[in-house]
Amino acid sequence: MIEAQAGPGAGEVEDLTASDLLALARGSKTAEDRAAAELLQVAARWADLHPPESIHSAASFAVAGCEHEEPIAGPGTPLVAEFCVAELGAVLGITSVSAKKLIGHALELRHRLPRLWSQVHAGRVPVWRARAVAEVTIHCTPALTREAAAFVDAQVVAVAGRIGPAQLDRLVAETIKRFDLATADPAADPEDGYLHVDPRHVTIHDQDVHFAGTVRLEAEVDLADGLDLHQALAHRAATLKALGSELPLDARRAKALGDLARTQTALALFQHGHTNRSDDGQDLPVAREVVLHAHVDATLSGDTTTFGPTGRLEEGQRLVLLDQLKSWCGDSRTKVTVKPVIDLNAEKSAPGYAIPDRIRDHITLRDRTCVFPWCGRPARGCDVDHVTEYDHDADAEGRPQPGPTHTDNLAALCRFHHRLKTHTAWHYRMTAPGVFEWTSPHGHRYRRDRSGTTALDPPDPGPPELGPPSIPSPRR
């Protein structure tokens with residue numbers, strides 16, 4: 001176990017020499033690495049305590065949507081009861097998805113990469129690097145056998161874990177060839193069939209939004225496709241400049257990429273008459289619209305409406321500038337739908353179990369995201385749950401309805417956490433409109449409101465912290 005040692009206070013740090021500060025920094029980093037290694041052990045042991053057999057203590061009935069065996073690491077690692085990840089994630093203050101990944105990495109390292117696991121706990125390999133290796137061996141296509149994973153383990157440890165992404169990709173490709181894991185298709189590639197790791201991808205970092213409303217995009221494509229895209233962007237950027245755009249080249253190329261996407265969507269709709277069938281009757285993927293839900297504050301003064309300079313996009317819960325909205329709406333291909341304001345202070349109800357759209361919109365706007373602790377899935381894609389279960393037999397038996405379809409008894413839950421609430425000992429209640437208090441099977445409590453999640457358990461005091469930095473005295 002990690003031994004907590006009290007560090008110097010804020011005032012004491014100011015009195016340290018440069019050498020002392022370096023020693024303190026090194027000690028802090030060592031403690032951080034040791035704590036991260038111990039957390040991996042905790043995650044692996046948590047999985048040991050929750051095998052698939054433990055499902056029966058949480059959900060002893062077999063119904064559609066109940067808990068099931070969940071493989072979260074590579075072949076040969078033990079299975080884990082699906083819903084156990086939620087409680088570990090809640091205690092750590094991370095999402096259930098992140099907790100699942102943590103447990104998966106711990107099991108992958110302990111069972112399929114044991115040498116790397118030992119190096120981590122000996123302090124020779126940092127946890128973040130070991131987890132990067134585990135992430136690759138878990139999700140490799142084709143899947144690595146235990147023998148193939150052991151080969152990767154031996155090669156990585158030979159360099160004390162100092163391996164970068166490119167080297168790791170080459171090592172995995174060599175492993176696939178060495179253990180003959182892929183199905184060769186000489187017609188596709190006469191030299192080695194599918195015996196390689198395909199690096200192609202397009203990733204849009206839509207959860208990391210700049211204050212100007214931009215997102216990063218990274219991609220790796222075929223050489224020919226890359227050259228074609230470069231030529232298309234260069235041509236469109238030059239066209240924009242000829243049309244009078246004063247934007248710099250990089251900005252025009254970025255705008256050209258968006259124009260390219262919208263033009264392709266419009267072309268697909270035009271060519272196929274808004275249907276998803278080709279001329280020979282074959283099914284085609286439907287060209288999709290991009291729908292954004294923007295909320296902007298407005299003030300009324302007589303007949304004049306004044307909008308604030310900023311607003312909020314539901315997608316990603318991010319800031320949006322009013323000028324951006326105006327530019328988007330100015331596009332001739334943009335369809336704008338203005339919906340009436342929903343008063344979130346006015347309670348709404350409906351007879352029966354079904355939830356009408358007007359109430360669903362109310363819950364979506366009030367909760368914004370799934371209301372489970374730390375979950376950030378947008379409410380518009382969530383289920384609407386009756387906090388207190390709706391009794392379908394109450395009316396027929398002449399009893400009052402314990403779980404009415406009323407805004408003070410409804411909440412947005414993503415499908416995973418909806419199933420978790422239904423089939424496990426997790427339970428919650430609404431303490432005020434949009435404010436929820438959750439209790440885990442082990443008795444930990446959390447409050448979830450529009451500002452986020454707060455743990456209600458008495459905090460663990462732990463080691464003393466440095467405290468906020470003080471303001472340095474002026475030089476004389």
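Just so you know, all these numbers are worked out from the coordinates, no wet-lab data involved. It should be emphasised that the depicted structure is a prediction, and the values quoted were computed from it without experimental measurement. Backbone-built Cβ (ideal geometry, glycine too); neighbour counts: all protein chains shown.
Protection proxy ranking, highest mean first, for peptides 437-446, 103-112: 103-112, 437-446, where packing is the per-residue count of other beta-carbon atoms within 10 Å, averaged. Given Lys255/Lys335; Lys335/Lys421; Lys255/Lys339, which pairs have Cα atoms separated by over 31 Å? Result: Lys335/Lys421 exceed 31 Å. Pull up the cross-link candidates among the lysines for Lys29, meaning alpha carbon to alpha carbon under 22 Å and not fewer than 8 places away within one chain. Partners within reach: none. Extension gain, Thr388 to Gln167, is 74.2 nm, computed as 0.36 nm per intervening residue step minus the present C-alpha separation.
Between Ala432 and Phe307, full extension at 0.36 nm per residue minus the direct alpha carbon distance yields a gain of 42.0 nm. A Förster distance of 41 Å, applied to the separation of the beta-carbon atoms of Asp180 and His205, puts the FRET efficiency at 0.65. With a ≥ b ≥ c the root eigenvalues of the C-alpha gyration tensor of segment 21-178, is it rounded (a/c under 1.5), prolate (a/b larger than b/c) or oblate? Note, shape of segment 21-178 comes out oblate. On the basis of the beta-carbon distance and an R0 of 25 Å, Ala23 and Arg124 show a calculated FRET efficiency of 0.75.
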